[in-house]
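Here's the structure we're looking at; comments come further down.
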Amino acid sequence: MKADVAIIGAGPAGLLLGHTLRQAGVDVVIVERHSAAHVRARIRAGVLETVTTDLLARLGLADRLQAEGLAHEGLLLADGDRLIRIDLAELTGRHVTVYGQTEVTADLIDAAPGRGLPIVWNAESVTLHDIESQTPSLRFRLAGVEQRLDARFLVGCDGFHGPARAAMPAAIGRTYERVYPFGWLGILADVAPCSDELIYANHPNGFALASMRSRTRSRYYIQAPLDEVVENWSDERLWDEIVVRLGPEAGARVVRGPALEKSVAPLRSFVFEPMAHGSLFLAGDAAHIVPPTGAKGLNLAASDVWYLSDALIGWFKRADAAGLATYSDRALARVWKAERFSWALTNLMHRFPDHTPFERRMQLAELDYIASSRAARTSIAENYVGLPL
Ligand code: FAS
Ligand code: PHB
């Protein structure tokens, strides 16, 4: 097989990039290790910045998003006694949209055949070759038969555990990592949300988040020990803890119901530099991971795609190599600021095992400062809605 661009991974980064390149007439193929059903079933992010919704609109793939997505003009921070509202619309003139990553992925997969975007599903043992040449290729097995895909550029959209980052020469790669001493235990249930807006709670027992997928489907998380297993948490025990950590006002409005899904996700901050080398580029989780506290993971994949698609289209359609040369620095400038925000909000809202009463008072003082300072609320708001591209 031949293509201008070969993308590894059919998650949000790969699908958004594939559609954007295809729309511009660049010949692209996506190679995905799992089945379409497996990718569609993943339950991940829930909050979209305008960087993501604008990209879907630019692709003409935002109809369902506009019909079903929930515009959120504010969010709430709970400190155990009160709810502190961050008025996103008043402070920034912008908002975020609640629309599950599962739905984004479905919309992008559904549109692929009609737009001539080939996705090779169930590709086994994908390997990258000659990434420092101008004739790189992917090798993989399809139903047991060896395949080869020649392309001018390879893009790793293969997430944190994919092969693309590992194909970067060790000598040029730099990694930065912070693994948090806890994870998030999440529950998805077909019950009405307890609040019209998301609630991030810092409670003496630990962090909790009240989120949603629609007005009839809720998504909650509580901070849990790293070695926590879902089996330790009956629905009843988890609902009880959610109610306690959200505080009396919001806790009283929690509607319980059977879990559609329950899972524990680890939290880490991670960046790999550079995001480009030779004919290989990285986008999304393949290059960076943020703790989900700031709702940045999916949205950073979208901003990488804005920069990289612009650069690749420039190269193929205008013989302009400048975008490719600056992609890594441009993308990383925004990645690092989102890493900082996600790290800061994680530190503010979670209970760390090594915290003394002093650190606890620092958290409460910062929440009190946010409650009393428009400048502090504006800083949170402009990071939460997404910094400019
Ligand atoms: P993805 O990991 O989504 O996609 C990578 C794709 O590459 C996958 O389809 C994978 O199958 C494929 N792949 C991997 N190895 C391959 C190989 N060898 N060959 C071919 N294909 C290969 N973000 C938030 O903002 N909020 C959240 O609440 C949130 N919750 C999360 C929960 C979990 C459990 C995880 C893991 C992540 C969560 N994230 C969250 C972050 C998540 O949404 C990512 O930021 C987002 O999926 C990034 O998209 P991609 O970069 O496309 O990576
Ligand atoms: C979610 O709804 O899954 C969600 C929302 C906001 C976050 C993290 C996860 O910060």
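Here are a few things to note about the model shown:
- Considering only the chain, percent of DSSP beta bridges that pair antiparallel, nearest 5: 75
- At full extension, R82 and E124 could sit 10.0 nm farther apart than now, given 0.36 nm per residue minus the alpha carbon distance.
- Sites listed here are trypsin sites (Lys or Arg not before Pro) in region 71-133 whose DSSP assignment is loop and whose Cβ has at most 14 other Cβ atoms within 10 Å: R82.
- For the peptides 127-139, 291-303, the ranking by mean Cβ contacts within 10 Å, running from highest to lowest, is 291-303, 127-139.
- Projected label points at A252 and E68, each 7 Å from Cα along the beta carbon direction, are separated by 3.4 nanometres.
- For region 25-47 and region 117-142, distance of Cα centres in Å: 16
- Förster radius 25 Å - calculated FRET efficiency between N205 and S263, Cβ distance, rounded to 0.05: 0.80
- Lys/Arg +1, Asp/Glu -1 at C-beta; region 143-227 dipole; positive extreme among S195, G156, L209: G156
- When you restrict to C-alpha pairs under 8 Å that are six or more residues apart and normalise by the size of the chain, the relative contact order lands at 21 percent.
- Separation between Cα centres of region 306-345 and region 206-278, rounded to whole Å: 31
Quick note: the coordinates plus some simple rules give every number you see, no bench work behind them. Bear in mind that the values here come from a model prediction, so they are computed numbers and not experimental data. Here Cβ is always computed from backbone atoms with ideal geometry, including for glycine, and neighbour counts include all displayed protein chains.
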